[in-house]
Amino acid sequence: MNVPIYRLFMVFLLLFAVLIGFTSRWAVFGEQQLRENPKNARVRIEEQRIKRGVIRAANGDVLAGSTRLSGDRYGRRYPTGRLFALPIGFDNVRFGRQGLEAYYNDALVGRKEELTSLVDSLITEPQIGDDLQTTLVPRAQELAYDLLQGHKGAVVALGVRDGSVKVMAGTPSFDPDKPQEAESTFNRATQGLYPPGSTFKTVTATAAIDSGRYQPESRVNGRNGKVISGTPLNNFQQQSYGDITLTEALTNSVNTVWADVGVKLGRERMQEYMDRFGFGEKPPMDYPDTQMFSSGPRDTERNEILPMRSDRVDVGRTAIGQGLLLVTPLQMATVAQTIGNGGVRMEPRLVQRVIDPDGRTVDEPMPEQAERVMSRDSAEKVATMMRSVVREGSGTAAALEGVTVAGKTGTAEINIEQGINDLWFIGFTEDVAVAVIIERERGQGGTVAAPIAKQVLQALGQ
Amino acid sequence: MSARNRELMALIPASLLLTAGFAAIFIQRNELLSNVSLTYGGMFLGLCFVAHLVIRFTLPYADPYLFPLVAVLACFGLVVIYRIDEDLARVQAQWFVIGLIAFALTIFLLRDFRLLERYRYTIAFAGLLLLLLPRVPGIGEQVNGAYLGVRIGPISFQPSELGKIAIVIFLAAYLQDTRRVLVQGSRRILGVTIPPLKHLGPLLVVWGAAMFMLVFIRDLGSSLMYFGAFLALLYVATNRLSFVVIGLLMFAAGAWFFSSTVGHVQDRIDVWLNPFAPGLYDQPGGSYQIANGMFAMADGGLFGRGLGAAVLRVPDGGPLIPAPETDMIFAVIVNDLGLLGGAGVIATYLLIAERGFKIATLATDSFSKLLATGLTAVMALQVFVIVGGVTRVIPLTGVTLPFVSYGGSSIVANFILLALLLLISNRARRPA
């Protein structure tokens, strides 16, 4: 029996060698990767010794500040709580970071270039991080957040000319001081995917006008029940229109016209203009990529964007914001911003200034042009059409006194029997573009979302 | 030098290790280096000396290295537990004393350990009862999804620790009876030795029991431990590799079947394979523990942070690694003492296994051989299961690291196991 016992010992020798092998795999060979894993709290515990920079609103209000905990450690406090939780995110030893706290972590802990300097500076002297000044406007953010109470939804407002994010609000929000209690930290403004409904007709209108195929005065037929991709399509309340202009078709949001326009423009051209507006890719905003989704016709099961040339995409229904099309509120705000800015799409920007502890401005990012989507002339034509929506069409509830508002409503049917819809309004004044979404409620975009947009625009001084 | 004097001499480094360990922790905590560490070292030396005297007078021929090796592990365990939580270390020290009493009692009561052979079925029954106790409603306790603990009032213990010894005793007794029949009745089919069907029954029962444990105790690791010990014994008893291969295939088939059909086993495997998957990481009983064990080992690196220097708690109080003093103690050791410290601990277990198998080869009768093999194998497998779980060789299971982890049942059961090994050794090495 002794020979098998020797062999058995050899088996254990081998097994124990495997144990040492795996221990070295984590402790020595895979060490760097594990250290840098965002779930690893050890680096964050070290970074607690740094007095993290303050995050401020555009008017200087503190949105995130550091307080001394005990000894040489600092903790994060959020005086505005849920109000700014979605854009600001949180910084928590145990639960990691999100939002601006994650995107600007290097600046907030005062890390210059390489990681080693952090370790060095920890040893030498207490360190203070850089402050951030955001573009967020507390008065408007607060109003938007209040108006969203009792709903699920989001409001995004952008500076028309510079793409600065003035409002990014969503409900439900969470308490950034206690991320462990948050049911979800889902940011509806950047992660919520909704069918855009008729607001997407602004994109189709852009493609129609800028390609030269149509003019605002072009005569189109708005008969109810036109066959699009083999299936008859209805207008709102089954209303039939005769020969009307393209402007009238937008003012009254005539589905059959815009679906027909989409089909006639073709898949390629629709794809071209959607790409220029930034569909199909993550928004170029200073915000973590993991917390933003791209917009476009989406295969929800495989979680990927489909190209317009795909057989599964119905180009006519996509052109009126139906079919497989799913978009984020941020994307639709960008569409409004682009048209309002003479056809130039700007990169959305949350932070306008990075300031070091001595008060010097370290970085002041200039507004970045993302892309010219259409000619200035075309933008003016589409804008005029959208103004008529607010003046005499479905968007009159967004009209302001003394300021011209351009806009487009959207009512995306979710459950036809119960009358449940996703309710939209996108629009712009000379300075501010806005997108409002209210999730799964009765009513129309023009009656529910447009009044919210109006008040937010007012709060932003429009 | 006689065997007993060698044993006594070997205890000195163990006590020095304890003294130095406590001194290191005191320095790390910036406390004055008092003579407390010396006191602890002295007390520990005293306890080991008493145990040594017991061995000297009752088992004069027993293996001289086994007890000092265990003492090194136990004192190392005490230091690490003290570094995690001082109060737990005091309790552990008390359990250490109780463990030594159990050690002495086992030696006194089982001078002729071959009595055990006669009561094999009673012992087997008791062992199974112990294993099933955690599933009894009202006293059973579920920890991390597995049913391993029992709680009666304020006392909680892990009956499986004692159960493993009972099962090994039964298997050794059973196999020494049937080993010849198993071999001689075998037929060779296509070059593979197949045991006679009549005797295959009991083996299937053991396989069934392992599968039963997998499903009802909900624990792949323990199941692997018992079945592995069984296969080790079967192999040594029959010297037929084919039996082991058949057994492994059956275990793998069963484990695969149950892991794909029983949800909680599947969860454990998911956690093992994808510790960083977002959904798994955050859910209760998810991969947070295993992932943070890996972070701790990465933080330790080659040489470690130094005893007592690694971060174990989030500054606002929560533990960074759940269960640092039991399941995850190996991760804490690597964090503090690095790969070298961890490898040292594993090497110590390897030396203990070497002594255990040495005892088995020296033993003259087959029951003693099988018993020594089984006891050694089950302990070594337990080390493999828990260290392998922490280092992600296999799915993590909540068993203790013998003599090192915090836990009374574990200390007591492993001292009884040690006593049995020394009893066998004493008999084997007695001059004719």
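Too long at a 20 Å Cα-Cα cut-off: which of A:Lys408/A:Lys454; A:Lys201/A:Lys381; A:Lys381/A:Lys408; A:Lys264/A:Lys408; A:Lys282/A:Lys408?
On the way: A:Lys408/A:Lys454 12 Å; A:Lys201/A:Lys381 14 Å; A:Lys381/A:Lys408 14 Å; A:Lys264/A:Lys408 22 Å; A:Lys282/A:Lys408 23 Å.
Among A:Lys408/A:Lys454; A:Lys201/A:Lys381; A:Lys381/A:Lys408; A:Lys264/A:Lys408; A:Lys282/A:Lys408, the Cα-Cα distance tops 20 Å for A:Lys264/A:Lys408; A:Lys282/A:Lys408.
Considering only B:Ala62, B:Ala24, B:Ala413, the residue lying farthest towards the positive end of the dipole of chain B is B:Ala62, judged by Cα position with unit charges set on Cβ. Taken one residue at a time, the phi angles of region A:311-328 give Karplus couplings (6.51, -1.76, 1.60, θ = phi - 60°) of 4, 7, 8, 8, 5, x, 6, 5, 5, 10, x, 10, x, 8, 5, 9, 9, 9 Hz. Gly and Pro are set to x. Listed by chain and number, the aspartates and glutamates whose C-alpha is less than 20 Å from the C-alpha of A:Lys152, apart from same-chain residues fewer than 8 away, are A:Glu142, A:Asp175, A:Glu181, A:Glu183, A:Glu413, A:Asp422, A:Glu439, A:Glu441.
If we count every other residue with Cβ under 14 angstrom of B:Ile424's Cβ, Lys/Arg +1 and Asp/Glu -1, where does the sum land? Can you show the working numbers first?
Values: positive: B:Arg111, B:Arg114, B:Arg355, B:Lys358, B:Lys369, B:Arg427, B:Arg429, B:Arg430; negative: B:Asp63, B:Asp112, B:Glu117, B:Asp365.
Result for the local shell: +4.
Peptide B:298-306 has a mean of 4 when you count, residue by residue, the C-beta atoms of other protein chains within 10 Å of its C-beta.
Ranked highest first by average number of other Cβ atoms within 10 Å, how do A:172-184, A:83-95 line up? Numbers along the way, then the final one.
Numbers: A:172-184: 15.3, A:83-95: 23.6.
Listed from highest to lowest mean packing, they are A:83-95, A:172-184.
Each principal axis of the Cα atoms in the protein assembly as shown has its own extent, and those three values, largest first, are 117, 70, 44 angstrom.
Across peptide A:444-455, the average count of Cβ atoms from other chains found within 10 Å of a residue's Cβ is 0. Sorting the segments A:189-196, A:102-109 by their residues' average number of neighbouring beta-carbon atoms within 10 angstrom, most packed first, yields A:189-196, A:102-109.
Quick one: B:Met9, B:Met1, A:Met285, fewest Cβ neighbours within 10 Å first, how do they rank? Before the final figure, lay out each step's value.
Numbers: B:Met9 12, B:Met1 9, A:Met285 22.
Going from least to most buried by this count: B:Met1, B:Met9, A:Met285.
Mean per-residue shielding of peptide A:28-38 is 4, counting Cβ atoms of other chains within 10 Å of each Cβ. With a cut-off of 13 Å between beta carbons, the residues surrounding A:Pro172 carry a summed charge of -1, where Lys and Arg count +1 and Asp and Glu -1.
Please list, by residue number, every one of the trypsin sites (Lys or Arg not before Pro) in region B:82-140 that is coil in DSSP and has at most 14 other beta-carbon atoms within 10 Å. Walk me through the intermediate numbers first.
Working: sites: B:Arg83, B:Arg90, B:Arg111, B:Arg114, B:Arg118, B:Arg120, B:Arg135; in loops: B:Arg111, B:Arg114.
Here the trypsin sites (Lys or Arg not before Pro) that fit, given the DSSP loop and packing criteria, are B:Arg111.
Sorting the segments A:131-143, B:302-314, B:366-378 by their residues' average number of neighbouring beta-carbon atoms within 10 angstrom, most packed first, yields B:366-378, A:131-143, B:302-314. Cross-link partners of B:Lys369 among aspartates and glutamates, defined as those whose alpha carbon lies under 20 angstrom from its own and excluding same-chain residues fewer than eight positions apart: B:Asp63, B:Asp112, B:Glu117, B:Asp177, B:Glu354.
Backbone amide hydrogens, once placed in the peptide plane, bring A:Lys226 within less than 5 Å of A:Leu233, excluding anything fewer than 5 places away on its chain. Taking the Cα centre of the protein assembly as shown as origin and assigning +1 to Lys and Arg Cβ atoms and -1 to Asp and Glu Cβ atoms, the resulting dipole is close to 3540 debye. Remark on A:Arg353: its backbone amide H falls under 5 Å from those of A:Gln133, a criterion applied only to residues 5 or more positions apart or on other chains, H modelled at 1.01 Å from N. Full extension of the chain between B:Gln28 and B:Val215 yields a length gain of 62.8 nm, computed as 0.36 nm times the residue separation minus the alpha carbon distance.
No lab work stands behind these numbers, since they all come straight from the coordinates. A quick note: this is a predicted structure, and the numbers were derived from the prediction, not measured. Note: ideal-geometry Cβ built from the backbone for every residue, glycine included; neighbour counts use all protein chains shown.
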